[in-house]
Amino acid sequence: MRHRDARGQPTAELGRSGGEQRSSAAPSATAVPSPSAAAAVFAPGNPKGKAVVPAEARAVNTAKPTRVIGNGTPASCTSKAVVAAVAAGGIITFDCGPDPLTITMTATAKVRNANGPKIVLDGGGRITLSGGGKRRILYMNTCDQAQGWTTSHCQDQDHPQLTVQNLTFADGNSTGETAEGGGGGAIFVRGGRLKVVNSRFIRNRCDSTGPDLGGAAIRVLSQSKGLPVYIVHSTFGGGPGLGGRCSNGGALSSIGVSWVVLNSLLTHNSAIGHGANPARAGLPGGGSGGAIYTDGNLFTVRLAGTIIQDNHAEEGGGAVFFVSNDRTGTMTIEGSTLRRNPSDGFETRGYPGIFFLGARNPTVTSSTLK
């Protein structure tokens with residue numbers, strides 16, 4: 001979507017037939033023990049965040065999974081098994097042994113729109129899904145005919161409802177993906193609902209230039225009835241060399257989508273494009289929203305109990321870029337810290353690291369912006 005920049009340029013679960021199912025496959029070199037296999041403590045997000053998490057934003061109970069990936073050994077947990085389980089839907093867990101494990105995906109796992117309405121992928125704090133620097137990791141699109149159409153209004157339907165929890169997404173890369181405008185190095189979603197709980201995103205990538213594509217970790221294009229994407233107790237980056245990099249939105253990116261980010265940590269992400277949106281003459285465009293890039297008309301962003309620091313934008317909004325084209329959107333920041341998020345091009349006076357165009361200035365309470 002086009003807008004003017006700072007320079008004034010123009011739910012029921014899937015039926016369980018026969019109870020728990022296991023997805024296993026022959027041993028594969030794509031599943032390898034994580035280097036930190038010993039006694040890693042999986043604790044993403046901001047541990048000091050005090051934002052109340054509403055019931056609908058909490059982790060899903062996976063005590064009775066629909067299907068389990070693996071049979072207790074690392075070798076049984078393969079990319080093929082993950083792809084098959086996600087396509088089949090339901091509540092999915094992993095049984096890959098007691099140690100942390102990285103599964104390098106040889107294909108993107110894609111949600112089949114009819115196989116829901118709820119899909120839950122729970123890594124138990126031990127599983128990393130890696131794109132190997134070569135591919136997107138997870139994909140859901142209610143308007144993709146290849147994944148099946150389930151309603152006559154694919155752009156606004158309440159299913160599938162995808163939850164990812166207790167997982168790490170590493171080295172996803174959607175560079176060169178052109179469908180729906182690209183973006184979403186680790187996860188791409190259009191339609192239905194998305195929720196992310198207690199998860200970690202590191203070193204994800206998408207195209208390095210382009211005026212409106214983005215989301216090195218996550219790209220979302222629509223959500224049912226305008227309901228928000230919840231990001232809860234999750235980390236994007238977390239340290240030098242771990243952040244995401246994309247033309248816009250080094251962590252999160254969306255068009256016309258609302259976000260609620262609770263008790264999370266977003267650091268060392270970068271918007272690396274040049275030329276903003278619309279792109280200035282002679283430049284490819286992009287470079288806004290070091291951590292978060294949002295665009296559209298009526299949408300909201302709420303940050304609560306969250307730390308956003310050490311992110312960077314080549315153009316506007318080193319922390320957050322927020323443009324509501326019809327000036328109806330609003331943003332609130334509660335009990336959060338935004339600091340050291342340089343914007344090389346432009347930001348809104350009085351709101352360090354933020355470029356904002358909306359209904360009114362962001363509402364900031366009990367927070368630090370510097």
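The values are calculated or read from the model by the stated rules, or taken from the named source; none is laboratory data. This is a predicted model, so every value here is computed, not measured. As a convention, Cβ positions derive from the backbone with ideal geometry for all residues, glycine included, and neighbour counts pool all protein chains shown. We work out accessible area using only protein heavy atoms, side chains counted, and drop any ligands, DNA or RNA first. Shrake-Rupley method; radii C 1.70, N 1.55, O 1.52, S 1.80 Å.
Of all residues in the stretch 259-312, those satisfying the criterion of being modelled with pLDDT of 95 or more, in contact with an Asp or Glu (Cβ under 8 Å, 6 or more places away or on another chain) and assigned to a loop (DSSP other than H, G, I, E, B) are 268, 272, 273, 275, 287, 288, 297, 298, 305.
Conditions tested, residue by residue: (1) at pLDDT 95 or above; (2) out of contact with any Phe, Trp or Tyr (no Cβ under 6 Å at 6 or more places or on another chain); (3) buried (at least 17 other Cβ atoms within 10 Å of the Cβ).
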residue: 15; (1), (2), (3): no, yes, no
residue: 18; (1), (2), (3): no, yes, no
residue: 24; (1), (2), (3): no, yes, yes
residue: 48; (1), (2), (3): yes, yes, no
residue: 55; (1), (2), (3): yes, yes, no
residue: 65; (1), (2), (3): yes, yes, yes
residue: 79; (1), (2), (3): yes, yes, yes
residue: 89; (1), (2), (3): yes, yes, yes
residue: 95; (1), (2), (3): yes, yes, yes
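Given the structure, is residue 345 within 19 Å of residue 278 (Cβ to Cβ) and either of a type in the set (Gly, Ala, Ser) or touching a Gly at 6+ places or on another chain (Cβ under 9 Å) (or both)? Considered against the rule, which asks whether it is within 19 Å of residue 278 (Cβ to Cβ) and either of a type in the set (Gly, Ala, Ser) or touching a Gly at 6+ places or on another chain (Cβ under 9 Å) (or both), residue 345 comes out as yes.
Listed here are the residues, each with its yes/no results for (1) touching a Cys at 6+ places or on another chain (Cβ under 7 Å); (2) at negative phi; (3) of a type in the set (Phe, Trp, Tyr); (4) modelled with pLDDT under 95.
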| site | (1), (2), (3), (4) |
| --- | --- |
| 149 | no, yes, yes, yes |
| 153 | no, yes, no, yes |
| 175 | yes, yes, no, no |
| 183 | yes, no, no, no |
| 189 | no, yes, no, no |
| 202 | no, yes, no, no |
| 227 | no, yes, no, no |
| 242 | no, yes, no, no |
| 246 | yes, yes, no, no |
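Number of residues in the stretch 213-240 that are open to solvent by 10 Å² or more (accessible area, probe 1.4 Å), touching a Lys or Arg at 6+ places or on another chain (Cβ under 8 Å) and not hydroxyl-bearing (Ser, Thr, Tyr) equals 6. Screening residue 113 against (1) of a type outside the set (Lys, Arg); (2) surrounded by 23 or more Cβ atoms within 10 Å (Cβ to Cβ); (3) under 19 Å from residue 188 (Cβ atoms); (4) modelled with pLDDT of 95 or more leaves a single unmet condition, (4). Inside the stretch 140-170, residues that are buried (at least 24 other Cβ atoms within 10 Å of the Cβ), in a strand (DSSP E or B) and in contact with a Ser or Thr (Cβ under 9 Å, 6 or more places away or on another chain) make up a count of 3. Among the residues making up the stretch 171-189, those that are closer than 24 Å to residue 157 by Cβ and either among the small types (Gly, Ala, Ser) or buried (at least 24 other Cβ atoms within 10 Å of the Cβ) (or both) are 174, 179, 181, 182, 183, 184, 186, 187, 188, 189. Only residues that are open to solvent by less than 60 Å² (accessible area, probe 1.4 Å) and within 26 Å of residue 239 (Cα to Cα) were counted in the stretch 335-355, giving 13.
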